[in-house]
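Have a look at the structure below before the remarks.
Since every read-out is calculated from the coordinates, none of them should be taken as a lab result. All values derive from a computational prediction rather than experimental measurement. FYI the Cβ positions are ideal-geometry reconstructions off the backbone, even for glycines, and counts take in every protein chain you see.
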């Protein structure tokens, strides 16, 4: 199914940018739409979400997510998955709404190459995602693979080797080391400087999303159904771009408001293709000359719209 996404962002506007060092963020102001879903962090904390390997032996590309609550649980693309008993840390391949009172098999990528054994230890904070460069690289590859092979499900089209290469490249660029090659350790090692970005780049209460730029390049945006859903994920999204920003050390030039609008407008007027989706709602992908994106929609409301400019290639 092909659909033209040409009214999606009509009711949004871009607020004045916030800037710290070489990272600029344009808040997106829009309507608050109710969706009655829980979020990953809350569901983990109140024990309504259980995560487990799909067998005693485990299987790298998949995990079981059991939603014991009466509400859907939203998990964002790139979310770090850490839990007692998992053989290694993983990340989600595409934003997913877990159905209530069901066990769902979810596609994941390994983000900790050097471990394959269960453990009872707790891991680093879960409020981190795959960093923006790696999310873009993953998404572009998934779009291309699923287009080339009509039998390949989008959520299963991620490239594990590519993910490991992106993580190793990040370790090398920071001259960091981790015994298990865990992406979480990169965030842990940069914790102090990432907190500086958090304290300086606070979003307004009306924001339902944000456009991110490093130097003078607008590189992506994240849009949610309401402010609460956005604010629940803003910190990890901010850190995912900040981790790239401190690596790049690019110019302190600030992009214009028109630059930010161009990305939104292109996404708003792009052709989207519907894909098979394991969770609730309808999943669409966009893969044009200039952008790649995914859009998760439930009952006519956008739950999450994530988009990257292909200028991100020049950041890799």
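Kindly provide the set of residues from the stretch 219-235 that are assigned to a strand (DSSP E or B) and either surrounded by fewer than 21 Cβ atoms within 10 Å (Cβ to Cβ) or in contact with a helix residue (DSSP H, G or I) (Cβ under 7 Å, 6 or more places away or on another chain) (or both), ordered by number.
From the stretch 219-235, those assigned to a strand (DSSP E or B) are 219-224; that's our starting set.
Result: 219, 220, 221, 222, 224.
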task = Working carefully through the options 63, 109, find the one that is in contact with a helix residue (DSSP H, G or I) (Cβ under 7 Å, 6 or more places away or on another chain), touching a residue at least 12 places away in the same chain (Cβ under 8 Å), closer than 14 Å to residue 156 by Cα and in a strand (DSSP E or B).
result = 109
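Would you confirm whether any residue within the stretch 290-299 is at negative phi, assigned to a strand (DSSP E or B) and without any contact (Cβ under 8 Å) to a residue 24 or more places away in the chain?
Step one: list which residues in the stretch 290-299 are at negative phi, which gives 290-298.
Still in the running and assigned to a strand (DSSP E or B): 291-298.
Imposing the further condition that a residue be without any contact (Cβ under 8 Å) to a residue 24 or more places away in the chain reduces the set to 297.
Yes; the residues of the stretch 290-299 include at least one that is at negative phi, assigned to a strand (DSSP E or B) and without any contact (Cβ under 8 Å) to a residue 24 or more places away in the chain.
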message = Every residue in the stretch 62-76 that is touching a strand residue (DSSP E or B) at 6+ places or on another chain (Cβ under 6 Å) and under 29 Å from residue 168 (Cα atoms), please.
response = 62, 63, 64, 65, 74, 75
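Please verify whether residue 144 is in a helix (DSSP H, G or I) and either under 30 Å from residue 31 (Cα atoms) or touching a residue at least 24 places away in the same chain (Cβ under 8 Å) (or both), treating the condition exactly as stated.
yes
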request  = Could you check how many residues of the stretch 137-152 are surrounded by fewer than 16 Cβ atoms within 10 Å (Cβ to Cβ) and under 19 Å from residue 105 (Cβ atoms)?
outcome  = 2
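Given the residues 158, 163, 134, which is the only one that is within 15 Å of the chain's Cα centre (by Cα), surrounded by 15 or more Cβ atoms within 10 Å (Cβ to Cβ) and free of Cβ contacts under 8 Å to residues at least 60 places away in the same chain? So that I can check it myself, show each step before the final result.
Numbers: 158 fails: free of Cβ contacts under 8 Å to residues at least 60 places away in the same chain; 163 fails: free of Cβ contacts under 8 Å to residues at least 60 places away in the same chain.
Exactly one of 158, 163, 134 is within 15 Å of the chain's Cα centre (by Cα), surrounded by 15 or more Cβ atoms within 10 Å (Cβ to Cβ) and free of Cβ contacts under 8 Å to residues at least 60 places away in the same chain, namely 134.
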ask   = Before we move on, is residue 216 under 26 Å from residue 153 (Cα atoms), in contact with a helix residue (DSSP H, G or I) (Cβ under 9 Å, 6 or more places away or on another chain) and surrounded by fewer than 19 Cβ atoms within 10 Å (Cβ to Cβ)?
value = no
key: Positions within the stretch 36-60 being touching a strand residue (DSSP E or B) at 6+ places or on another chain (Cβ under 6 Å), over 17 Å from residue 86 (Cα atoms) and in a loop (DSSP other than H, G, I, E, B), in sequence order   = 37
query = Out of all the residues in the stretch 190-208, is one or more touching a helix residue (DSSP H, G or I) at 6+ places or on another chain (Cβ under 7 Å), in a strand (DSSP E or B) and in contact (Cβ under 8 Å) with a residue 24 or more places away in the chain?
reply = yes
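Let me confirm something: among 77, 11, which residue is touching a residue at least 40 places away in the same chain (Cβ under 8 Å) and either within 22 Å of residue 212 (Cα to Cα) or not in a loop (DSSP other than H, G, I, E, B) (or both)? I'd like the intermediate steps shown before the answer.
On the way: 11 fails: touching a residue at least 40 places away in the same chain (Cβ under 8 Å).
Going through 77, 11 in turn, just one is touching a residue at least 40 places away in the same chain (Cβ under 8 Å) and either within 22 Å of residue 212 (Cα to Cα) or not in a loop (DSSP other than H, G, I, E, B) (or both): 77.
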